[in-house]
1. If you plug each phi of segment 172-185 into the Karplus form 6.51 cos²θ - 1.76 cosθ + 1.60 with θ = phi - 60°, what whole-Hz ³J(HN,Hα) values come out, in order, with x for Gly and Pro?
2. Starting from the amide H of Ala104, placed 1.01 Å from N in the peptide plane, find each other amide H under 5 Å away whose residue is 5 or more places distant or on another chain.
3. Lys94: which aspartates and glutamates have alpha carbons under 19 Å from its alpha carbon, excluding same-chain residues fewer than 8 sequence positions away?
4. For helix 41-56, report the angle its Cα long axis makes with the longest principal axis of the Cα atoms of the chain; keep it between 0 and 90° and round to the nearest 10°.
5. What percentage of the solvent-accessible surface of the chain, computed with a 1.4 Å probe over protein heavy atoms, is contributed by carbon and sulfur atoms?
6. Provide the per-residue ³J(HN,Hα) series for segment 120-125, in order, calculated from phi with Karplus coefficients 6.51, -1.76, 1.60 and θ = phi - 60°, each as a whole number of Hz, with x at glycine and proline positions.
7. Using a Gaussian network model of the chain with C-alpha springs under 10 Å, which one of Glu160, Glu36, Glu148 is most mobile by mean-square fluctuation?
8. Could you list the trypsin sites (Lys or Arg not before Pro) in segment 78-182 that lie in coil according to DSSP, counting only those with at most 13 other Cβ atoms within 10 Å of their Cβ?
Amino acid sequence: RVIYAATSNMHKIRELERVLSECGYRVEPIAAPKVELQGDLRSVALYAASLAYSIVGRPLIVEDAGLFIEALNGFPGPYSAYVYKTIGIEGVVKLMEGVADRRAYFYSVIALAYDRGVALFEGRCDGRIAEEPRGTRGFGFDPIFIPEGESRTFAEMSIEEKNMYSHRARAARRLCSWLESGEEL
Ligand code: ITT
Ligand code: NA
């Protein structure tokens, strides 16, 4: 079985695939227009998934994620993609210079659009912002995020290791349970 993912981010596809293969699904990218509406992760994922489904006409998922830094009142949160593209990892490290409270979390919302509507699956990963970037794997803010109970950043981990902690893997496991509970796509 195949589940389509409307994303251009191949790292996301690989991370999702590791989890979803455990419930018998392959994940394949599908081209869909990318709506860049601003808002909370849930609304963005839900709207993007409905729109993509109305165009593509087959069940698909959209995943929207963000990094929320406690000392910055949750910034960049829903603005994570923009912040990554503009000030980048180095910019975030600068913003956090001399800040003692390094707590942060990643949040992921998977929206699955199918003939009966849209179902949402969410996952959170608590951790902290590293003093400086470390590691070359993963993507995005991975070099500066250290999940709770670890000393390594996500960028120093394999996909399997990142998936033991990650927001995305947690959301994907919820999707798996839902699929295994007998929902037909
Ligand atoms: P889409 O095409 O699926 O939207 P994207 O790369 O734009 O892919 P998001 O909007 O979901 O991804 O994520 C917002 C930003 O947060 C993105 O630029 C990444 O840099 C970062 N991000 C999301 N998930 C991450 C993860 O698991 N590890 C590190 N950074 C992540
Ligand atoms: Na996005």
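The values are calculated or read from the model by the stated rules, or taken from the named source; none is laboratory data. Being a predicted model, the structure only gives us computed values, none of them experimental. Positions of Cβ are generated from backbone atoms using ideal geometry, with glycine treated the same way; all protein chains shown enter the neighbour counts. Heads up: the accessible areas ignore ligands, DNA and RNA and are worked out on the full protein's heavy atoms, side chains in. Shrake-Rupley method; radii C 1.70, N 1.55, O 1.52, S 1.80 Å.
1. With coefficients 6.51, -1.76 and 1.60, one gets 5, 5, 5, 4, 4, 4, 5, 5, 6, 6, x, 5, 9, 8 Hz.
2. Glu70, Gly127, Arg128, Ile129
3. Answer for Lys94, where 19 Å is the Cα cut-off: Glu70, Glu131, Glu132, Asp142, listed by chain and number.
4. Approximately 40 degrees, to the nearest ten.
5. The computed percentage sits at 50.
6. Coupling constants for segment 120-125: 10, 10, 10, x, 10, 10 Hz.
7. Of Glu160, Glu36, Glu148, the most mobile in the Gaussian network model is Glu36.
8. Filter output for segment 78-182: Arg116.
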